1. Using the Cα centre of the chain as the reference point, and only Cβ charges (+1 on K/R, -1 on D/E), how large is the resulting charge dipole? Debye, rounded to the nearest 20.
2. With a 1.4 Å probe and every protein chain kept in, tell me what percent of the accessible surface of the stretch 55-151 is carbon plus sulfur.
3. Using +1 at the C-beta of Lys and Arg and -1 at the C-beta of Asp and Glu, which of G42, L121, F139 has the Cα lying farthest in the positive direction of the dipole of the chain?
4. Please calculate the 1.4 Å probe accessible area of D144, with all protein chains present, and give it to the nearest 10 Å².
5. Please give the solvent-accessible surface of F22 in Å², to the nearest 10, using a probe radius of 1.4 Å with every protein chain present.
6. Multiply the residue gap between F50 and L149 by 0.36 nm, knock off their C-alpha separation, and tell me the result in nm, one decimal place.
7. For labels at Y160 and Y207 in the simple 7 Å Cα→Cβ model, what's the distance in nm?
8. Want the number for F75 to Y24: 0.36 nm per residue separation, take away the alpha-carbon distance, what's left?
Amino acid sequence: YADANKKFKLFGQDKQTIGLKFNYKQTFDKFDQPGFDTYNTGIVSIKPYFDFKVKKFELHTALDFSPEFGKESKFHLIPTAVVDFPIIPSQLNFKGGIIGGVERISLNSLRIENPYIAPYLNQKTTSNINLFAALKSNFVDNLDINLELGMQYLKNQQFYSFDTVASYKNMFSITYDNASRLYIKANMGYSLDKTFKVIAELEYQTYNVESL
């Protein structure tokens, strides 16, 4: 992982940032089971970005060029654009936009999440795009209320399914499908004398899949 950036002034004293992030991830998969090939896959992420700020208004933009090579050769292009500004200074703030990413989840990560996962998997790369809008309010002293509404689009999202090959039917396999996720988050925090804080969170979400 590497990040090179340059800060410069624009519109008075406000500092802007332009930069380039580089990341490389290699995944090795080796199987001795018939029907599962030994292969390795690499994903390169080249992400130029620009952070723009004028007083209380902030804009973060980026474009992720992510070629994938190895067993499969694909090219992912993921945009990012997030705005952040106050609607009512010191009381109500808005943040929203579009963010996304590309990820190839390792077998070890799946094993930690689900210890009954089968050791032989044909894994795929997952990409996602998230559209969201969030409000952060502080109308009452020591009380923060945050609301967020979002729509997430996932390509090759993994789902667990029973492994029909397992002798005792006690293992899971991975099934992939494209999906969309609608979610609403609510968060409330109350601070007492700056030494104690109570936080309550609530999230509702619903999934839609293409073929499962």
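1. 680
2. 61
3. Value computed over the given set: F139.
4. 40
5. Spelled out: F22, probe radius 1.4 Å, area about 90 Å².
6. Residue separation times 0.36 nm, minus the Cα-Cα distance, leaves 33.1 nm.
7. Inter-label distance under the simple model: 1.1 nm.
8. So the chain would gain 16.9 nm between F75 and Y24.
The values are calculated or read from the model by the stated rules, or taken from the named source; none is laboratory data. Please read all numbers here as calculations on a predicted model, not as lab measurements. Here Cβ is always computed from backbone atoms with ideal geometry, including for glycine, and neighbour counts include all displayed protein chains. Each accessible area value is taken on the protein alone, full model and side chains, heavy atoms only, with ligands, DNA and RNA left out. Shrake-Rupley method; radii C 1.70, N 1.55, O 1.52, S 1.80 Å.
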